[in-house]
Amino acid sequence: MMALDWLVVTLAQAGGGGAGAPAAGGGAGGVAGGVGGVSLRELFVQSFDLFSVLLIVGSIYAVTVIVRCAMEVRAVNILPDESERRIRQHLRDGRVDELRDWVERDGGFVSRVVRAALAAPGGTRSAGREAAELAASEECGRWFRAIDPLNVVGNLGPLLGLAGTVWGMIIAFAALGQAGGQATPAALSSGIAKALFHTLLGLMLAVPSLLAFGFYRARVDRLCTRAMVLSAELVAMLPLREDGGKDSGA
């Protein structure tokens, strides 16, 4: 508030000369009490514009993504125990046809990787391993892309808030210029407060989004790493032909 009072007094002195200095000083003290009594709701209504709409839309989108991640980014979807159990059982019993049917119907990480290994051209172990690696990379990228919007929103929020603040400051000082520098400190400080409110909205959007992104990124990394290790183990157990042409399951 001291910096804001100094700015208001300086602008008033520049516009109205020395005679306006005492009035500006008295007005600055009144502004401090007036701003302290303004609620955030009133300030939001007064500063509502296009940037506020964009920040509100971004907040709704961020909440939607967070809720979707809460439902999807879970071990039961990325690495279900049923997938590993069924694949191991089919491999142990030597039921390759049932294994193919299961991985075609199952949507788990491990099943997708095993499906790619079984469908590799040539049916050799090296081809299956390469196909499995590509499938595993694709699955990891798919899950990381699911949470990436939170990172985008979290980084754009402060920028939108800053843009709204700059725009509000331009309007405030343009109004001061049109008034010939005779704008009251109360009106000027009110315009500055409205402009800075956009920065607050941007930060309120960015902080929860980045916190949620960091939380889900750690979860995806942990589950995907575990799934890749398990997939490599199961692919090594598949009855694929060796590169020399011999069937390893014979």
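Among what's in the range 220-250 and is part of a loop (DSSP other than H, G, I, E, B) and among the charged types (D, E, K, R), pick the residue that is modelled with the lowest pLDDT.
Residue satisfying both the conditions and the ranking: Lys246.
Name the single residue, out of those in the range 53-76 being small (Gly, Ala, Ser) and within 29 Å of Ala163 (Cα to Cα), that is surrounded by the fewest Cβ atoms within 10 Å (Cβ to Cβ).
The extreme case among them is Ser59.
Conditions: (1) within 22 Å of Ala232 (Cβ to Cβ); (2) loosely packed, with under 15 Cβ neighbours inside 10 Å. Val166 meets all but one. Number of the miss?
All conditions are met except number (1).
Test Thr184 against the criterion of being over 25 Å from the mean Cα position of the chain (by Cα), farther than 25 Å from Leu162 by Cβ and hydroxyl-bearing (Ser, Thr, Tyr), and give yes or no.
Yes: the conditions hold for Thr184.
Can you tell me which residue within the range 157-191, out of those that are hydrophobic (A, V, I, L, M, F, W, C) and touching a Ser or Thr at 6+ places or on another chain (Cβ under 9 Å), is nearest to Gly58 (Cα to Cα)?
Leu162
Which condition from (1) closer than 27 Å to Ala70 by Cα; (2) crowded, with 21+ Cβ neighbours inside 10 Å is the one that Ser189 breaks?
Ser189 satisfies all of (1) closer than 27 Å to Ala70 by Cα; (2) crowded, with 21+ Cβ neighbours inside 10 Å except (1).
Hey, can you tell me all the residues within the range 83-113 that are in contact (Cβ under 8 Å) with a residue 24 or more places away in the chain and part of a helix (DSSP H, G or I)?
Within the range 83-113, Ser83, Glu84, Ile87, Arg88, Leu91, Val96, Phe109, Val110, Ser111, Arg112, Val113 qualify.
Pick from Ala206, Ala212, Ala183: which is farther than 18 Å from Leu79 by Cα and modelled with pLDDT under 85?
Answer to the check: Ala183.
Of all the residues that make up the range 133-162, how many are surrounded by fewer than 17 Cβ atoms within 10 Å (Cβ to Cβ) and charged (D, E, K, R)?
Total satisfying the criteria: 4.
Output the residues belonging to the range 172-227 that are within 27 Å of Phe44 (Cβ to Cβ) and in contact with a Lys or Arg (Cβ under 9 Å, 6 or more places away or on another chain).
Ala172
Are any residues in the range 29-76 at pLDDT below 90 and of a type in the set (S, T, N, Q), and if so, which ones?
Scanning the range 29-76 gives Ser39, Gln46, Ser47, Ser52.
How many of the residues making up the range 77-123 are more than 33 Å from the chain's Cα centre (by Cα) and surrounded by fewer than 19 Cβ atoms within 10 Å (Cβ to Cβ)?
17
The values are calculated or read from the model by the stated rules, or taken from the named source; none is laboratory data. All values derive from a computational prediction rather than experimental measurement. Note: ideal-geometry Cβ built from the backbone for every residue, glycine included; neighbour counts use all protein chains shown.
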